[in-house]
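Visitor: Please read through the structure below; I'll follow up with questions.
Derivation of every value follows stated rules applied to the coordinates shown; laboratory data play no part. Please read all numbers here as calculations on a predicted model, not as lab measurements. When we count neighbours, we look across all protein chains shown, and the Cβ atoms used for this are built from the backbone with ideal geometry, even at glycine.
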């Protein structure tokens, strides 16, 4: 991570100090700071459309390469951006048809498709995501089954894919 005292990006130096716990604020100032950070973050996400469509390739190359060398800090920061996108997906409520994993997979697939030239297409996209503590997931699913509760589609998929229960018992209970 680069120094929190660097020039302003989305966050000001004061914003970074606040987020790192190096700055105490009154209740009203804290509420305003958090709102300002959310607003600028949302607006910066909207700006990626312009960067993707209109920033010249030579400018993107100069972001990736600094003094003739690959700028590893930029790629580390890009990994943090992807981590933030995953957290964003985790905070969106799951639906019967869309889990966090599905939302994140679709976000990445759509982003890749938008980056392709008009004469290119995404031929294959397979992203297997496994995260979380399997022991907790297994016990949550087993508890729901023992109480006769229904599993959501993502929970059922997780249960079958990770052998939390055997497929024959699922088919027997479903039949």
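Visitor: Take the Cα pairs of the chain, get the Kirkwood Rh, then feed it into Stokes-Einstein at 4 °C and 1.567 mPa s and tell me D in µm²/s.
Guide: Once the numbers are plugged in, D ends up at 64 µm²/s.
Visitor: While we're here: How fast does the stretch 55-130 diffuse by Stokes-Einstein, in µm²/s, taking the Kirkwood radius from C-alpha pairs at 20 °C and 1.002 mPa s?
Guide: The estimated diffusion coefficient comes to 146 µm²/s.
Visitor: Sticking with this structure for a sec: Kindly rank 111-120, 90-99 from highest to lowest mean number of other beta carbons found within 10 Å of each residue.
Guide: Listed from highest to lowest mean packing, they are 90-99, 111-120.
Visitor: By how many degrees, between 0 and 90 and to the nearest 10, does the Cα long axis of helix 134-146 differ from the longest principal axis of the chain?
Guide: It is inclined by approximately 40 degrees.
Visitor: Cα atoms only, the stretch 1-53: Rg and Dmax in Å?
Guide: 12.7, 41
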